[in-house]
Amino acid sequence: ENVGAQVMLYGALPGLLQEVPLAELYAFIMAITHASGDLQGRFTFYTDCKWVIDSYQSGWSACTASSHVGAALWRKLFNLVYDRFGDCSNVRLVKVKEHTSAASCAGDLNMVWLRGGNAIADIGAKLGAALHLVTIVASRC
């Protein structure tokens, strides 16, 4: 089912606070921003952050409310989705199990592919966090 390149893009999260969920959201924004090739009007984003998936599925109104964490980033994301794909239904999010073992993927090429992508993302997250001036990291995923 999964084919194609796995690409790593990393950098510091904008703003002072480095929170894992916001970093996952920013990664989603960057993935859509830099996606190229023949997407045929569709895009799939793989993430191990349930907060990003649940928030995206709750829609524009819920995510962009002033009380929602990262509302400005959510506005940016939804605007990109509408501009590039016309509709949220054309962007699919897939939950990936984090930190899976090689043994748990034995014989399942799809799981091997997802595990490899998650490992690449984890490396990028560490490299990006190291670029930021503030070293306090909060986690809520």
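The values are calculated or read from the model by the stated rules, or taken from the named source; none is laboratory data. Since we're looking at a predicted model, the values are computed, not measured. Positions of Cβ are generated from backbone atoms using ideal geometry, with glycine treated the same way; all protein chains shown enter the neighbour counts. Protein only, heavy atoms only, side chains kept; ligands, DNA and RNA dropped before computing areas. Shrake-Rupley method; radii C 1.70, N 1.55, O 1.52, S 1.80 Å.
No other residue among Lys126, Lys76, Lys50, Lys95 is farther than 22 Å from Val7 by Cβ and of a type in the set (Lys, Arg) apart from Lys50. Taking the range 26-58 on its own, how many of its residues are more than 13 Å from Arg84 (Cβ to Cβ), open to solvent by less than 40 Å² (accessible area, probe 1.4 Å) and either at pLDDT 95 or above or among the aromatic types (Phe, Trp, Tyr) (or both)? The qualifying residues number 4. Go through the range 16-57 and give me each residue that's among the basic types (Lys, Arg) and outside any helix (DSSP H, G or I). Arg42, the sole residue that qualifies. Check whether at least one residue in the range 112-125 is among the aromatic types (Phe, Trp, Tyr), open to solvent by less than 80 Å² (accessible area, probe 1.4 Å) and within 21 Å of Leu39 (Cβ to Cβ), and report yes or no. Looking for residues that are among the aromatic types (Phe, Trp, Tyr), open to solvent by less than 80 Å² (accessible area, probe 1.4 Å) and within 21 Å of Leu39 (Cβ to Cβ), one finds at least one in the range 112-125, hence yes.
This table checks each residue for (1) touching a helix residue (DSSP H, G or I) at 6+ places or on another chain (Cβ under 6 Å); (2) in contact (Cβ under 8 Å) with a residue 60 or more places away in the chain.
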residue	(1), (2)
Met8	yes, yes
Leu25	yes, no
Met30	no, no
His34	no, no
Ser55	yes, no
Cys63	yes, no
Leu77	yes, no
Ser89	no, no
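Go through the residues of the range 90-110 one by one and say whether even a single one is open to solvent by less than 80 Å² (accessible area, probe 1.4 Å) and under 22 Å from Pro14 (Cβ atoms). Yes, the range 90-110 contains a residue that is open to solvent by less than 80 Å² (accessible area, probe 1.4 Å) and under 22 Å from Pro14 (Cβ atoms).
Just so you know, in the range 63-95 the residues that are among the β-branched types (Val, Ile, Thr) and over 21 Å from His34 (Cα atoms) include one that is modelled with the highest pLDDT, and it is Thr64.
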